[in-house]
Amino acid sequence: MLAAVGASCLAGAASGATPAVRSDQDSGGARLLLSGRQLVVELPKATPINSRVRAGCGRSGRSGRRVAFARGTFSGDRLLRFRLARDVSRVAEWCTFETRKRNVDARRLPYGAVALGPQPPENLRSGPGVREAVTTSADGQAYGGFAGEDGDAHFLLDGRVLTVRLRERSVRSELVRLFCVQGSTPESERSLGSRTVVLQKGKRAVTANLEGSAEEKAAGCLIEGTGEHSGDIAVAAFE
């Protein structure tokens, strides 16, 4: 279905500069197509009528943030079209959508994300030159405690590259933020690098280039959700 939509997007751009066209399928069954400022989301069959949908694309990291979102309402047509506030098609590394409906738990509603590129680094493995930290229930005492219990996540850091291995597999594809910080108290904390990436459905590991050499000075690293699903997933402090 999205193939025809993609052709029409290109035809509509023929009179001006051709936008970048990016398309992929979310592991939960939704499809997203980005063409210039036009984003088309083919929603899952289970989407409730009159759900509010927020969708967008972009890239976010220490070297810069360029994102664009729009909102719409699902009225029955699974192809929902959005016009983003700006054209991020040439820099976008991901597209995502989330749905909301009054009196319905957000965890039961469709959401997802697709990775558009660049290809992520290979997952890090234990070895010489790789710093490692494992989530414990005692992490973050100076902050009043962090989310996560013993063994919830294993962090491996080598230069700019961070791999997070979670205890549980992700139940859906979702947008997550990975970052590392220097300092062990709120007063001394300073970001050493970050990146927003897609954690694929069924996967336990995700790797990102943090765009900042964090290995030597990092006191700890974190993985957190974004948007409606924001909040810490797991944190670990290096010894």
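Tallying residues that are under 20 Å from Val114 (Cβ atoms) and either more than 16 Å from the chain's Cα centre (by Cα) or not aliphatic (A, V, I, L, M) (or both) within segment 185-223 yields 9. Quick check, is Gly56 part of a strand (DSSP E or B), in contact with a strand residue (DSSP E or B) (Cβ under 9 Å, 6 or more places away or on another chain) and surrounded by 20 or more Cβ atoms within 10 Å (Cβ to Cβ)? Yes.
On inspection, Gly58 passes the criterion of being at positive phi, at pLDDT 95 or above and not assigned by TED's automatic domain parsing to the domain that holds Cys221. If only residues of segment 109-129 that are over 14 Å from Arg31 (Cβ atoms) and hydrophobic (A, V, I, L, M, F, W, C) are counted, the one that is farthest from the chain's Cα centre (by Cα) is Leu124. Taken over segment 32-50, the criterion of being modelled with pLDDT of 90 or more, in a loop (DSSP other than H, G, I, E, B) and farther than 15 Å from Lys101 by Cα is satisfied by Gly36, Arg37.
The values are calculated or read from the model by the stated rules, or taken from the named source; none is laboratory data. These figures come from a predicted structure and were not determined experimentally. A quick note on method: Cβ atoms are made from the backbone with ideal geometry, for glycine too, and the neighbour counts reach across all protein chains shown.
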